[in-house]
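Coordinate-derived values only; no laboratory data. Since the structure is predicted, the reported quantities are computational estimates derived from the model, not experimental observations. Here Cβ is always computed from backbone atoms with ideal geometry, including for glycine, and neighbour counts include all displayed protein chains.
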Amino acid sequence: MDIAKINNLIENHELKVAVFGTGRIGLPTALMYAKAGYKTIGVDINENLIRDLRNKKTFIDEPGLPEILSEVIDRNLIEFTIDFEYAIKNSNVMIICVPTPVNQNKIPIFTAIEDVAKKIGILLRKDQIVINESSVSPTTIETLIIPIIEQNSNLKINDDFGVCSCPERADPGNIVDNWDKVARIVGGSSDDVGKMIVKLYHNISKAEIVQVSTPGTANAVKLTENIFRDVNIALMNEFAVLYEKLGIDVKEVIRGSSTKYNFQPHYPGPGVGGPCLPANSYYIIKDAINVDYIPFMIRVAREINDRMPAVVMELIQNALNFTHKSLKGSIITVLGLSYKANIKDVQISPALKVIQLLNEKQANIQIWDPYYKGENVLGYPVGNSLEESLQNTDCIVVLTDHKEFYDIDLKKIQKNMQKTVVLVDSRNIYEISNLPQNIVYCGVGRKIRKI
Ligand SMILES: NC(=O)c1ccc[n+]([C@@H]2O[C@H](COP(=O)([O-])OP(=O)(O)OC[C@H]3O[C@@H](n4cnc5c(N)ncnc54)[C@H](O)[C@@H]3O)[C@@H](O)[C@H]2O)c1
C-alpha cells in the first residue's frame with residue numbers, strides 16, 4: 001500500500017471521501033469532512049432521505065447541522081447518492097456509519113455493515129482505506145469485516161488496502177458543538193494505517209486523536225466506556241429500589257457519597273435508552289460467549305436497567321393507591337418521551353416502555369414533550385402545551401429530565417387543580433424542600449409522601 005501517496009492526498013486536501021449511511025452519525029460526519037474541504041459523497045439505501053438531503057432537508061434535530069448542510073451543498077463540496085458503485089469508484093477513504101442494533105432476543109445484528117463491506121470489497125482498488133465508525137464488538141472488524149473485504153476483492157489487508165476503526169462517541173444534541181472537543185479513538189489494521197488516519201482526523205477536528213494498537217482495541221474502548229456507564233446506572237437503580245424500601249432517600253445518599261474524592265455519581269431513573277447503551281453490552285456478551293466466558297455483571301446490569309420501566313409503573317400504581325385511586329381509568333400525564341434530556345429522539349426510550357405498561361393497565365394517558373409538541377409519536381399523540389396535557393389529570397409522571405420540566409410551577413398547578421396532585425418523579429429532578437403543600441410525591445428511590 002502506498003501510504004505516502006494517501007498522506008499527500010490528505011495534506012493537499014485532494015482526498016475524496018465516501019460516507020455510507022447518512023443518518024444521525026453519518027450525516028454530521030460527511031458534512032464535517034466536506035466543511036474541512038474534502039470532496040465528500042454521502043451514500044444511503046434510503047432514497048427519500050437522499051432526495052431530502054439533496055434539497056437541504058434533514059430530519060436530524062442537531063443544532064447547527066442544517067446550516068452546514070446548506071453551506072457545503074452551495075460550495076459544491078458534497079453530493080448525496082444511492083449509487084454505491086459511483087461512491088466506491090470516486091473515493092479514497094470510505095467511512096461506514098450504518099445501524100448495528102440488537103434484535104428482540106438481544107442478538108447483535110451486523111448485517112448492514114456486512115452488506116456495505118461486501119459492496120466495497122467487490123469494487124475495491126489498491127490503496128483505498130475503509131474506516132468503520134459504527135458500534136461493533138471488539139472482534140467484528142478483524143474476524144468479520146476484513147475477511148469479507150479480502151474475499152470479495154482478492155486484495156490483501158495492509159499490502160493493498162487498509163482498515164481502521166474510529167468508533168463514534170458522539171453526544172446527540174451536541175454533535176456539532178462537540179466536533180472539536182470530544183477525543184477520537186483510532187485503531188488501524190497496521191501502525192502506518194492508524195497514523196495516517198490520525199493525520200486525517202487532525203485535518204477535520206481540533207479534538208485530541210488517540211491512536212490505539214488495533215481496530216479491536218478501539219472498539220473495546222468504546223464499549224468499555226458505555227458499559228461502565230450502564231453498569232453504574234444499574235448499581236444506582238439497585239440502590240434506589242432497596243433504599244426506597246428502607247425509607248432512605250437515594251438522592252440524599254448520592255449527594256453525600258459525591259463528597260468523597262473517588263466517588264463518581266451516577267443516577268437512577270426509569271431505565272436506559274438510546275441507540276448505544278441498551279445494545280453495546282450485548283456486543284461484548286456475544287464475543288464473550290465465543291471464548292467461553294460469561295460476563296455476569298454486564299448481563300445482570302442490563303436486566304436491572306431493563307426492569308426499571310416496570311418499577312416506575314409500580315411507583316405510579318402505589319402513588320395512586322395512596323390517594324385511593326387505581327391505575328385503571330385514571331388520567332396519567334406523562335412528561336417527556338425522549339430517551340435523554342433536551343433532545344428529540346425516542347430510540348429505545350424507557351418512556352415508551354412505561355407508556356406501554358400503563359396502556360396495558362388501561363390508564364388514560366396524556367403526553368407532553370416540548371420536543372414533540374402536537375406530533376404523533378409511534379401512535380401516541382403529544383399535546384400542544386403543558387396546560388392541555390394536565391387537564392383533569394390524576395397523576396403527573398416525569399420520564400425525561402428535559403430542562404423545561406425543572407421550571408414547572410408546581411405550586412400553581414396544585415392551586416389550580418381541584419384535587420391533590422400526585423407527582424411521580426422518575427428522574428428525581430425536584431427538591432423535596434421546594435414542593436408545594438398537599439402534593440403527593442415519590443421518585444425512584446424516594447418513598448411516597450404527602451407534603
Ligand atoms: N445515534 C447515536 O447517538 C450514536 C452514537 C454513537 C454511535 N452510534 C452508532 O453509529 C452507527 C449508526 O447509527 P445512527 O444513529 O447514525 O443510525 P441511523 O439509523 O440514524 O442512520 C443509519 C443510516 O444508515 C442507512 N443504512 C442502513 N443500512 C444501510 C446499508 N446497508 N448501506 C448504506 N446505508 C444504510 C440508513 O438508511 C440510515 O440512514 C450505529 O452503529 C450506532 O450504534 C450512534
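The figures follow:
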read-out	value
By average C-beta atoms within 10 angstrom, highest first, the peptides 265-271, 191-197, 161-167, 172-178	161-167, 265-271, 191-197, 172-178
Potential lengthening between K156 and L144 on full extension [0.36 nm per residue; Cα-Cα distance subtracted]	2.9 nm
Cβ-derived FRET efficiency at R0 35 Å, T111 paired with E67, nearest 0.05	0.55
Simple label model, 7 Å out from Cα along Cβ direction - K126 to E85, nm	2.4
Degrees between helix 26-35 axis and first principal axis of the chain (Cα, 0 to 90, nearest 10)	50
For the chain, the fraction of alpha-carbon pairs in successive 10 Å shells from zero, as %	4, 19, 27, 22, 16, 9, 3, 0
Calculated P(r) of region 1-155 - Cα pairs past 23 Å, %	38
Extension reserve of the I294-Q362 stretch, reckoned as 0.36 nm per residue once the Cα distance is removed	20.5 nm
Cleavage-rule hits, trypsin sites (Lys or Arg not before Pro), region 339-441, DSSP coil, Cβ neighbours within 10 Å at most 14	K373, K419
Violating pairs (Cα-Cα greater than 29 angstrom) within the set K39/K106; K286/K373; K260/K403; K222/K245	K39/K106; K286/K373; K222/K245
Fraction of antiparallel bridges per DSSP, region 316-451 only, in percent to nearest 5	20
Percent RCO, i.e. relative contact order, over the chain, from Cα pairs under 8 Å lying at least 6 residues apart	12
Average Cα contact separation per residue, region 3-210, under 8 Å, 6 or more apart, as relative contact order %	20
Region 364-451 - Rg (one decimal) and Dmax (whole number), Cα, Å	12.9, 38
Between helix 191-204 and the chain: long-axis angle, C-alpha atoms, 0 to 90°, nearest 10	60
Under 18 Å from K57, Cα to Cα: lysines that are on another chain or at least 8 residues apart	K35, K344
Rounded to 10°, Cα long-axis angle of helix 350-360 versus longest principal axis of the chain	50
Approximate spin-label separation Q418-A183, in nm, with each point projected 7 Å along Cα-to-Cβ	6.1
Pairwise centroid distance, computed over Cα atoms, of region 13-54 with region 266-325, Å	35
Nitroxide proxy distance, nm - points 7 Å out along Cα→Cβ at S326 and Q391	2.7
Sparse-neighbour loop sites [chymotrypsin sites (Phe, Trp or Tyr not before Pro); region 239-296; at most 16 other C-beta within 10 Å; DSSP]	Y261, F263, Y293
Antiparallel content of DSSP bridges confined to region 214-451, in %, to 5	20
